[in-house]
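Worksheet for the structure shown next.
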Amino acid sequence: MTIHARDRFLGELTTGWALSAHARPLTVEQHDIERLLRAELARLGTRVEWNTELTDVQVRADRAEFTLRRADGTEEFATAPWIVDCEGTAGVVRDRLGIPFEDRCRTGLQVVQGNARPTWPLGERPGRGHIFLAPHRSLLVFPLPGGGFRFFCFRDDPDPELTAAPPSTNCATWSRTPPGCPVSGSTPRNRSG
Ligand SMILES: Cc1cc2nc3c(=O)[nH]c(=O)nc-3n(C[C@H](O)[C@H](O)[C@H](O)COP(=O)(O)OP(=O)(O)OC[C@H]3O[C@@H](n4cnc5c(N)ncnc54)[C@H](O)[C@@H]3O)c2cc1C
């Protein structure tokens, strides 16, 4: 991982010493992770039922009773010995179990990310990422398995009142933000969390 600041090479971080078959920086896309998880579930005989919402759950001594709403609006009542709650920040199961959601907003920080194939003199080597540092903002650039990079742009929040998604601009516009990042053009690709 090369660290740059103000047009200067600042230093290097080495991460390849971990005892792993993939001991180097690599960004794996969420849709790829989901594909792998779906394949593993299928191998174990489980089918994912998309567009099906859990709307209620009651936990009994020996089972859980729950209500599902399908995409066409129909509801289904069912029971299961166990329910595993993976609802993210939503919380039907958490609410019904009376577990509080201890959350707080991180203020003063704006993060924009996107994938791009930059046109720059830094090249593209497997496992080679870059960090660009500048006052009030920084840019982390990690390689993607299929080529190109994921750009993570962190900066102080220019307007905390703005909570909507930022406008879809050319990646190069914000990736050029830190001085010293020599991106001269980029081709945005898909974005995922
Ligand atoms: C913009 C953004 C960028 C991110 N970038 C990264 C990154 O680069 N790297 C990284 O490691 N992490 C990243 N994260 C964090 C990462 O996305 C989360 O940590 C991760 O997705 C949490 O996984 P989860 O399975 O707990 O929840 P989620 O991914 O939120 O999954 C919960 C799922 O449950 C479903 N669901 C919710 N309620 C119900 C219900 N009642 N019935 C049925 N289904 C329901 C939701 O639709 C959703 O599909 C990012 C997050 C955001 C918002």
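Across all Cα atoms of the range 26-138, the radius of gyration (one decimal) and Dmax (whole number) stand at 21.2, 64 Å. Sequence-ordered 3J(HN,Hα) estimates for the range 145-160 from the Karplus curve with 6.51, -1.76 and 1.60 and θ = phi - 60° stand at x, x, x, x, 9, 9, 9, 10, 10, 10, 8, 5, 7, x, 8, x Hz, glycine and proline given as x. Packing around the peptides 68-81, 143-156, taken as the average count of other Cβ atoms within 10 Å per residue, puts them in this order, highest first: 143-156, 68-81.
Most exposed first by the Cβ proxy, i.e. fewest other Cβ within 10 Å, how do Val92, Val48, Val112 rank?
Working: Val92 16, Val48 10, Val112 19.
Result, fewest neighbours first: Val48, Val92, Val112.
Hey, fewest Cβ within 10 Å first, where do Val141, Val28 land in order?
Numbers: Val141 26, Val28 12.
Ranking Val141, Val28 by Cβ neighbours within 10 Å, fewest first, gives Val28, Val141.
The protection proxy used here, the mean number of other Cβ atoms lying within 10 Å of each residue, ranks peptides 53-60, 133-140 as follows, highest first: 133-140, 53-60.
If you take the Cα atoms of the range 51-103, find Rg, then find the Kirkwood Rh from the mean of 1/r over all pairs, what is Rg/Rh?
Values: Rg = 11.6 Å, Rh = 11.9 Å.
Here the Rg-to-Rh quotient is 0.98.
Each value in this text was obtained by applying a stated rule to the coordinates, not by laboratory testing. This is a predicted model, so every value here is computed, not measured. Reconstructed Cβ throughout: ideal geometry from the backbone, glycine too, with neighbour counts over all protein chains shown.
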